[in-house]
Amino acid sequence: RSGAARLVLIDQVHKKTLSLKKKISKMNAVTQVECIPFTSRQLPVLIKQSDLLINATPVGMKNNFSFPIDPSLLHSNIMVVDIIYTHETPLMKFCRKKGIRVTSGLGMLLYQGARAFEIWINAPAPLDIMKGALLKALKGA
C-alpha cells in the first residue's frame, strides 16, 4: 500500500484517467481514486488540499515558459514531481524559487531501470553504477 488515502487523477483526456483508475483500483494501492477533468473548477481547491503533485505532461519538455497548471496554486507544504528529467523545467525553477520541495523524474527513470534489470538478470541492480551511467548519458544529451 502506498499510504495515500486519496488519489486524484487529472487529464485533458478523461478516458485516460478512467482507464488508469481501473488499473490502480485493482492493485488496492489507494483507498480512494477519483478522476477529475482538467477543466474542472475543483482543480484549484484540489491542488491546495494536496500533499503531492506529479506533472506527467509534456509541458516544459521543450524548455519553453509554459506551466501545466497555474503555479500560484502551489503551496509551501506540497511536494512537486516533474517527470521530465533531461533539464530543469519552468515548473521546477518556479518551485525552487518559492522554496517548494521539487524533484525531477530522474529517480523514477533510475528505479524503473533498476527494477527491469532485476527482473531480467535476476540479481540486485548496481544502483550506483546505473546512476553514474545515467548522469553521464544525460550530460552528453
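For segment 49-62, 3J(HN,Hα) computed residue by residue from phi via the Karplus equation (6.51, -1.76, 1.60; θ = phi - 60°) reads 8, 7, 9, 9, 10, 10, 8, 10, 9, x, 4, x, 4, 8 Hz, glycine and proline entered as x.
How many percent of Cα pairs in segment 93-141 exceed 15 Å? Every Cα pair in segment 93-141 considered, those over 15 Å come to 56 percent.
Heavy-atom accessible surface of ASP128, to the nearest 10 Å², is about 140 Å², with a 1.4 Å probe and all protein chains retained.
Taking a quarter of the surface of the Cα convex hull of the chain gives a mean projected area of 10.1 nm². Just to verify a number: FRET efficiency for GLN12 and LYS98, C-beta to C-beta distance, R0 = 35 Å, to 0.05? So, using R0 = 35 Å, E works out to roughly 0.85.
Between THR17, ILE84, PRO71, the Cα set farthest toward the positive side of the dipole of segment 1-105 (charges on each charged residue's Cβ, about the Cα centre) is that of THR17. Highest GNM mean-square fluctuation among ASN28, ASN55, ASN77, for the chain modelled with Cα contacts below 10 Å: ASN28. Restricted to Cα atoms, segment 1-55 shows a radius of gyration and a Dmax of 11.1, 30 angstrom.
The values are calculated or read from the model by the stated rules, or taken from the named source; none is laboratory data. Everything quoted here is computed from the prediction, not taken from an experiment. Note that each Cβ is placed from the backbone with ideal geometry, even for glycine, and that neighbours are counted across all protein chains shown. For the accessible areas, the whole protein counts, side chains as well, though only heavy atoms, and no ligand, DNA or RNA atoms are used. Shrake-Rupley method; radii C 1.70, N 1.55, O 1.52, S 1.80 Å.
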